[in-house]
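Report on the following structure.
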Amino acid sequence: MSEENVTLAEVHEVADPMRVIQEKLRACMQCGTCTGSCANSFAMDHTPRQLWRMVQLGLTDELFNSKTFSLCSSCYYCTLRCPRGLPLTETIHALKQLAVAKGIAEKKGARFYQTFLDTVRRYGRVREMELMARYFIIMKSPMLPLSFTPLGMRLMIKGKVSPEMPKFFGPGKMDAIFRKVKELEASS
Amino acid sequence: MKYFYYSGCSLEGTALEYNISTQAVMQALGIELIELEDWTCCGASAAETLSELLSMVLPARNLALAARMDQDCDFLIPCSACYLNLRKVDEHLGSDEGLLEKINEVLNEEELSYQGGIKSRHLLDVLATDIGAEMIKAKVKLELSGLRIAPYYGCQALRPYGGYDDPEQPSCMEPLIEALGAEVHPWSMGAKCCGAGLMTTKKEVAIELTSALLKAAKGADCIATVCPMCQMNLDSYQKQVSKTGGENLSISVLYLPQLIGMAFGLGEEDLKLGLNMAYTDSLKAKLAEYRVGITPQ
């Protein structure tokens, strides 16, 4: 038992995802081209350049309290222009994954993506109205659906989508694939 | 010419008109589209925020479906996010040793496997590179003369992969628009972000971005898009953007293949123009002035 624990701890030490991210950003020279290229930096509490510095310095509390990475819209301008050629947009995704894994991700964004993937696991494809209904139910916020109602109504009138109640139980089309991914990720 | 056709989930719902018009235009051009039975979601922008491996496996499953079909052709993908995800698989295989093995270990659950090597191409790339303005011009029956069109490329059709156009100052849509007899609206916003998924999670931020785009499009009759996400952000929130900006910013937003189809003489129903959220009366009137094939509603 204790032997197994030691081994697991060692594995986690080696594969510490934050260390992997730090390694990727080691060559960042803080030039700020990313910030100058970011479409959403105006709404961020820390600029992308500051975020990379927090990663380098291991300031994880500040990092995960920052709204910066939840404001990335994956436009890939920073990645394109980074003079060091660093995979910055992918780093944002890695930080989002880490925030979800630590259970500290911003609720709205993380829940939306989780709901999205749950729909994919169940049906193989996304059914937009089922996804939104599922998201509203999971968020348990009575006001949230209202902000999407006008668009939803217009889409329904056009006949592009129809209301659909999500299923929460029973097997899904892609269960095997999702299960295997989880299994491999747990063992890596 | 033939391609594997990956429509993606949005094109079955909110972007149905993109799907129908793409197929109609390809048929008119004599291009064969091979639909993959049992295709599944590419992971969109959701998988990459939750699991690196899942974000590779979901698109790879579709490449694996094509690989077993014994057809030597590229993928044609109208949705920019799907395009990015499918292409991402092969882009990563070279630099990530062991990735293919992991992907196949998962795909084996469905007795599928992928060895790499299938090219994923964006619809815009196929239109601009493989088909080209000349071939399109040859099929034009009703020129869109007098129309001024703002070419909007968005992000993920160009970045990070692209390769068929300049990722910051793209221009490949311009000869296509000119081939239709229309005029190109000069602007520098073609490759700027529309806010993408932030419209769901951080609406006020996305509204800022779409607002900047709609303001820059003033003077054009129509914005041409090549992505269902860009399309929705630009066409479905115009009232709100106008209200916030204090000016009327409504403008027609149509998918590029819908515009091509109009010039080919295809009808409203062939191009599902009735499904568009922003197909303004002023554009309909302008088209009616010199068009026979399209009747204003």
Please work out the Cα center distance from the stretch B:157-203 to the stretch B:119-135, rounded to the nearest Å. 15 Å
What does the helix-only formula give at 222 nm for the protein assembly as shown: each DSSP H stretch with n ≥ 4 adding -39500 (n - 2.57), the total divided by the residues, and the result rounded to the nearest 500 deg cm²/dmol? -14500 deg cm²/dmol
Compute, for the stretch B:1-148, the length of the dipole vector about the Cα centre, with Cβ point charges of +1 (Lys, Arg) and -1 (Asp, Glu) only. Units Debye, rounded to 20. 800 debye
5 Å is the cut-off here: which amide hydrogens, built 1.01 Å from N in the peptide plane, fall below it relative to residue B:184, excluding neighbours closer than 5 in sequence? B:149
Name the shape class, rounded, prolate or oblate, that the alpha-carbon gyration tensor gives for chain A, where a ≥ b ≥ c are the square roots of its eigenvalues, rounded holds for a/c under 1.5, and otherwise prolate holds if a/b is larger than b/c and oblate otherwise. oblate
Spatially proximal aspartates and glutamates relative to residue B:137 (Cα-Cα < 12 Å; intrachain offsets below 8 disregarded): B:178
Everything considered on the Cα gyration tensor (a ≥ b ≥ c; rounded for a/c under 1.5, else prolate if a/b is larger than b/c, else oblate), the stretch B:98-224 must be described as oblate
Report, in debye and to the nearest 20, how large the dipole of chain A comes out about its Cα centre when Lys and Arg carry +1 and Asp and Glu carry -1 on their Cβ. 1020 debye
Once you have a ≥ b ≥ c as the square roots of the Cα gyration tensor eigenvalues for the stretch B:211-250, tell me rounded if a/c is under 1.5, and otherwise prolate or oblate according to whether a/b is larger than b/c. oblate
Which aspartates and glutamates, on any chain, are close to residue A:158 with Cα under 20 Å apart, when same-chain ones fewer than 8 places away are left out? A:128, A:130, B:12, B:17, B:235, B:268, B:269, B:270, B:281
Please work out the Cα center distance from the stretch A:110-162 to the stretch B:219-250, rounded to the nearest Å. 22 Å
Around residue B:186, with a cut-off of 13 angstrom between Cβ atoms, what is the net charge of the other residues, counting Lys and Arg +1 and Asp and Glu -1? -1
Shape parameters for the stretch B:132-290, alpha-carbon atoms, Rg then Dmax in Å: 15.2, 45
Determine, for B:109, B:97, A:130, the number of other Cβ atoms within 10 Å of each Cβ, and report the residues in order from fewest to most. B:97, B:109, A:130
In whole angstrom, note down how far apart the Cα centers of the stretch B:64-113 and the stretch A:31-79 are. 30 Å
GNM result for chain B, Cα springs below 10 Å: residue of B:43, B:154, B:245 fluctuating most strongly: B:245
Give me P(r) over the protein assembly as shown, computed from all C-alpha to C-alpha distances, binned every 10 Å, as integer percentages. 4, 19, 30, 28, 14, 4, 1, 0, 0
Per the Cauchy relation, a quarter of the hull surface: what is the mean projected area of the convex hull of the alpha carbons in chain B, in nm²? 14.9 nm²
Could you list B:187, A:52, B:39 in order of exposure, starting from the residue whose Cβ has the fewest other Cβ atoms within 10 Å? B:187, B:39, A:52
Dipole of the protein assembly as shown [Lys/Arg +1, Asp/Glu -1 at C-beta], most positive-end residue of B:4, B:254, B:81: B:254
Quick one: putting +1 on the C-beta of Lys and Arg, -1 on the C-beta of Asp and Glu, what dipole do you get for the protein assembly as shown around its Cα centre, in Debye to the nearest 20? 1620 debye
What order do you get for B:232, A:18, A:153 when you list them from fewest to most C-beta neighbours inside 10 Å? A:153, A:18, B:232
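Every number in this text was worked out from the coordinates using simple rules, so none of it is lab data. Keep in mind the model is a prediction, meaning the values are calculated, not measured. Glycine also receives a Cβ, built like all others from the backbone with ideal geometry; neighbour counts cover every protein chain displayed.
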